[in-house]
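Remarks on the structure that follows.
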Amino acid sequence: MINIKNAEENYQAFICYETTTALSFARNLKTGLEKLNCNAFVAADDIPPGSDQQNYRYSVIQKAPKFILIMTFLGLTSEEVKNETNEALKHNKDLIPCIHANVKPDDFKSVFPEAGKKQWIRFKDESDLANQVTSSIRNNSLMQKKINLDGQNCIQVYLKNNLVIEPEWSLKKISNDNNIGHIIFKLKNLSDKRIFIYGYKMLRVSPNGLKDVYYNTRICDEKDFNKWVSDLHLNIILYKNDEHIFHWDDVSIMDVYGINKIGKWLAEVRVAYIEEGSDDLLYSIGTAEIEFEQSKSF
C-alpha cells in the first residue's frame, strides 16, 4: 500500500484552473514545470483515492510556495477558483496569475481585485503558457540568488569568460576643448546557461600604468573599492548568445573620470553575473581606450 500521509507536502506549486476550459492547460504546464524539478499539483490527477478532495486541495495550497492561477473565461464565474485563490492570498503565497487571451484584463481585475494587483502573464495557448510560466520561475530563481548574495558581507568572485565584454565603439579623442563623451560596451552570453547581470566596477588605467576605480565623481584605489555597483538597467537576464549594450550618458570625461593628462588611458569594466545552476558570483573584464590629446591652437 502506498503511504499518502503528508504527500501534499511534496508540491512546490498549486495549479488552479476551471476544469472544463483549463484542465489541458494545467496538465501541460505541470509537465513543463517538472523539467525544472518543480512538482506542481493538478487536482484532477493528484488527489489520492479515498481522500477528502477539498481538504486535500486546501492542504496543498497552504504548503506549496507557489500558486499558479490559470484564468479562462469560465474561470471568472467559478466559485471554487475564487475560493482557492482567496486561500492562497490568505497564506501569502507567491501568486502567478495567467490570463488567457480571451479574458479581458479589466474583467479579471474586477472579479479578482487582489490577484489583479499581481504581475500577470498573458497567454494564448498551452505552449505559450508553459513557456512563459517556466521562464518566469527560472528568472525569479536567479533574482533570489542575487538577493541572497546581496545579504552576504563578503562576496567571493571568480573570473570567468562566459560573458564577453567588448567596446561597441571606442571613445573619440578628447582634449581640454572637446572632452564630452561616453563609454559603450557590448555584453554577450556565450554560456549554455542563462545569466543574470549583477553589477559592475569601472576602473581607469592612467598613462603611467596606475589603476584606480571610478564611478561618477568618486575615485579611490582599487583595493578600497569592494562592492559592485548595480543599476536598474543592469537587472537583465541573458540567454545563450543574447547581447546587451551597456552604456553611460554623455559626460565630461575630465570632470567625471578624472582623465586630465595627455596620453592614452584605458577604461576597464568588470561585470559580475550569476550563472544559472551556480551559487558563485562570476565576472568578466572588458576595456576601451580613451586618448587625451593636446588641444589644437588656432
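General remarks:
- Counted residues, segment 274-298 - those being among the polar types (S, T, N, Q), at pLDDT below 85 and farther than 19 Å from ASN260 by Cα: 1
- Segment 62-79 residues that are touching a residue at least 40 places away in the same chain (Cβ under 8 Å) and basic (Lys, Arg), paired with ones that are surrounded by fewer than 20 Cβ atoms within 10 Å (Cβ to Cβ) and not in a helix (DSSP H, G or I) (beta carbon under 6 Å, 6 or more apart): LYS66/ASP94
- Filter result for ILE290 (among the β-branched types (Val, Ile, Thr) and part of a loop (DSSP other than H, G, I, E, B)): no
- Some residue of segment 15-33 being in a strand (DSSP E or B), of a type in the set (A, V, I, L, M, F, W, C), in the same structural domain as GLY116 (by TED's automatic domain parsing) and crowded, with 20+ Cβ neighbours inside 10 Å: yes
- Hey, LYS193 outside any strand (DSSP E or B), touching a residue at least 40 places away in the same chain (Cβ under 8 Å) and not polar (S, T, N, Q) or not: yes
The values are calculated or read from the model by the stated rules, or taken from the named source; none is laboratory data. None of the values given here were measured: they were computed from a predicted structure. Glycine gets a Cβ as well: all are built from the backbone with ideal geometry, and neighbour counts include every protein chain shown.
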